[in-house]
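The values are calculated or read from the model by the stated rules, or taken from the named source; none is laboratory data. Quantities reported herein were computed from a predicted structural model and do not represent experimental measurements. Cβ placement follows ideal geometry from the backbone for every residue including glycine, while neighbour counts extend to all protein chains displayed.
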Amino acid sequence: MVNDEERMAKMSQEEMSMMHVHTFLTETNVACEHQHIMLGVSGPFREYGGSHVHRLRGRTSFMAEEDEGHWHLYDVMTGPAVPMPDGTHTHYYNGKTSYDDGHCHTFADVTGLAPDQGLEDDCDDDDDDDDLPHNHHHKHKRPDEK
């Protein structure tokens, strides 16, 4: 399988303008009297049929136990885009974690929303809110620096 960096290097300008990712946050099912959290950002889109999908991979939250603990790995592809009425879309995903500490977990949810088309540049230099603190980009110094 081609990794995301190699795939992105071969993309056209049009494909790059449509680049987007999705956030995801879910809890696994309960197994062995506990569950884990899965939180992350998807990989870039991959064309699939007349739509696209995203890869979700990572490590679950850590489950602390008496003298040790564990987590699980996951690596799944989302389903195709599901259009929403407001011009955004989401993806369904489901799967199973790695088998660790004598068990695994299942999960199913939907990703966060993303625009259907290329991303708009909402950072316009002519905005009237230039005096707001969040618009001042400068290096923050430690109190002991001069």
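A few notes on this one:
- Considering residues of segment 81-109 that are in a strand (DSSP E or B) and small (Gly, Ala, Ser) only, the residue farthest from Tyr48 (Cα to Cα): Ala108
- Any chance Glu27 is surrounded by fewer than 17 Cβ atoms within 10 Å (Cβ to Cβ) and without any contact (Cβ under 8 Å) to a residue 24 or more places away in the chain: no
- Entry remark, segment 33-79: residues being part of a loop (DSSP other than H, G, I, E, B), more than 12 Å from the chain's Cα centre (by Cα), modelled with pLDDT of 95 or more and not small (Gly, Ala, Ser) number 6 in total.
- The single condition among (1) modelled with pLDDT of 50 or more; (2) surrounded by 10 or more Cβ atoms within 10 Å (Cβ to Cβ) that Asn135 does not meet is (1).
- Contact map, segment 81-97: residues that are in contact (Cβ under 8 Å) with a residue 60 or more places away in the chain and closer than 18 Å to Leu25 by Cα paired with residues that are among the β-branched types (Val, Ile, Thr) and part of a loop (DSSP other than H, G, I, E, B), Cβ distance under 6 Å, separation 6+ or inter-chain. Pairs shown: Thr90/Thr111; His91/Thr78; His91/Thr111; Tyr93/Thr78.
- Exactly one residue out of Gly118, Gly112 is touching a strand residue (DSSP E or B) at 6+ places or on another chain (Cβ under 8 Å), in a loop (DSSP other than H, G, I, E, B) and either exposed (fewer than 14 other Cβ atoms within 10 Å of the Cβ) or at pLDDT 95 or above (or both), and it is Gly112.
- Taking the numbered list (1) closer than 25 Å to Ala9 by Cα; (2) modelled with pLDDT of 95 or more in turn, Asn94 passes all entries but (1).
- Scope segment 1-32; condition modelled with pLDDT of 70 or more and under 17 Å from Leu113 (Cα atoms); matching residues: Met19, His20, Val21, His22, Thr23, Phe24, Leu25, Thr26
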